[in-house]
Amino acid sequence: MWRMPWGDATAAAPGGSERFERATAVAERLLANVETVVHGKTHEIKLVLSALACGGHVLFEDVPGTAKTVLARALAQSIEGAVSSRIQCTPDLQPTDATGLEVYDARTRDFEFRPGPLFANVVLVDEINRAMPKTQSALLEAMAETQVTVGGATRPLPKPFLLLATENPIEHEGTFPLPEAQLDRFFLKTALGYPGVDDERQIVLEQRHGHPLGHLGPAVTIGELQELQDAVEDVYVDRLIVDWLLQLVRATRTLEGVALGASVRASLALERAARAWALLSGRPYVVPEDVEVLFLPVVGHRILFTPAYLVELRHAGPAAALARFCEACTEAAPRPEPSPVRPVT
């Protein structure tokens, strides 16, 4: 038996190897099932599945019509017994429109709680920045605590619980930008984007006689999904990689042009996301490439740049600003070298 540069064969817990193999099979079935209706977005779907495996939530900053709703429904339909819902945010949306409310029942002369759309396994919150801050705060409790409080009573949300929120990067009139504290609650941020020409052709041809969602069946059970979430803990992370990702996050707090760096929550999310990404890639250990792939999706939305830095890159755009920021972080915290391969005794 040999110790790999980034993987330790002795690090797994007893029975962890078998659980890891089952979890990998669950992840493969789930990914393949979703890809039957969301084409050409393997990387983005894996990001969402990584968040699902870690119990986190995802923010999409994307234009309309890029299959965000389809992805949410496909995920829910791929999990046997799971329920999906959608909340279309508008300025007049009240917190109780999402959480539910207590209604007086004249027959029983008592108040009866009627759950809102948040009581689902996969919830799509469309254009979250169009909701008032009061409503956004209700969503924050659901994301952070997996519960809602109505009428003085706290009620747990179903498990698994995944919230997918969207923002439109084009139209900002009549919106309420998410505060930094709420952005920090999102496990990661990504975008689906437009499909390639071949994928778009396939989408058009498939929907000539109805939407493929109508024929999509479950691929995993809720119990198997729980196994997937539990198996994330079995993935080994070398101490060198842990120290490196901590250095990367800490570098965001001292870089020139950054007004607010990433919090400790970013360190926790990046380490856990790296383990989930390794599992979805079929590896029982994390490699530096996992951290590099996930750094911007996990950390990028938690950073607040100075106005001067944004003005400097106003012609290049937000993507260039984030790319330059990522380069500065890797310069401040260089990638570690693997430890020598040696026999495991």
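The values are calculated or read from the model by the stated rules, or taken from the named source; none is laboratory data. Keep in mind that this is a model prediction, so the values were computed, not measured. All Cβ positions, even for glycine, are placed from backbone atoms using ideal geometry, and neighbour counts span all protein chains on display.
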Residue identified as assigned to a loop (DSSP other than H, G, I, E, B) and either at pLDDT 90 or above or surrounded by 14 or more Cβ atoms within 10 Å (Cβ to Cβ) (or both) among P169, P91: P91
Does region 286-343 hold any residues that are more than 20 Å from Q247 (Cα to Cα), assigned to a strand (DSSP E or B) and under 25 Å from the mean Cα position of the chain (by Cα), and which are they? none
Name the single residue, out of those in region 36-73 being at pLDDT below 95 and among the hydroxyl-bearing types (S, T, Y), that is farthest from P160 (Cα to Cα). T66
For P218, only one of the following conditions fails: (1) assigned to a helix (DSSP H, G or I); (2) over 23 Å from A321 (Cβ atoms); (3) in contact with a helix residue (DSSP H, G or I) (Cβ under 8 Å, 6 or more places away or on another chain). What is its number? (1)
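Considering only region 207-218, I want to know if a residue exists there that is closer than 27 Å to V38 by Cβ and touching a strand residue (DSSP E or B) at 6+ places or on another chain (Cβ under 9 Å).
As a first pass, look at region 207-218 and keep what is closer than 27 Å to V38 by Cβ: 207-218.
Still in the list and also touching a strand residue (DSSP E or B) at 6+ places or on another chain (Cβ under 9 Å): 217-218.
Yes: one or more hits.
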Quick one: which of L248, L280 is touching a residue at least 60 places away in the same chain (Cβ under 8 Å) and either of a type in the set (S, T, N, Q) or under 29 Å from F161 (Cα atoms) (or both)? L280
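For region 276-291, name all the residues that are over 16 Å from F187 (Cα atoms) and either in contact with a helix residue (DSSP H, G or I) (Cβ under 8 Å, 6 or more places away or on another chain) or buried (at least 19 other Cβ atoms within 10 Å of the Cβ) (or both). Give the derivation first.
So the first thing to find is which residues in region 276-291 are over 16 Å from F187 (Cα atoms), and the list is 278-289.
Correct list: A278, L279, L280, S281, G282, R283, P284, Y285, V286, V287, P288.
For (1) part of a helix (DSSP H, G or I); (2) of a type outside the set (D, E, K, R); (3) over 19 Å from L49 (Cα atoms), each residue gets a yes or a no:
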| position | (1), (2), (3) |
| --- | --- |
| E173 | no, no, yes |
| P177 | no, yes, yes |
| Q182 | yes, yes, yes |
| Q202 | yes, yes, yes |
Hey, E312 modelled with pLDDT of 90 or more and loosely packed, with under 15 Cβ neighbours inside 10 Å or not: no
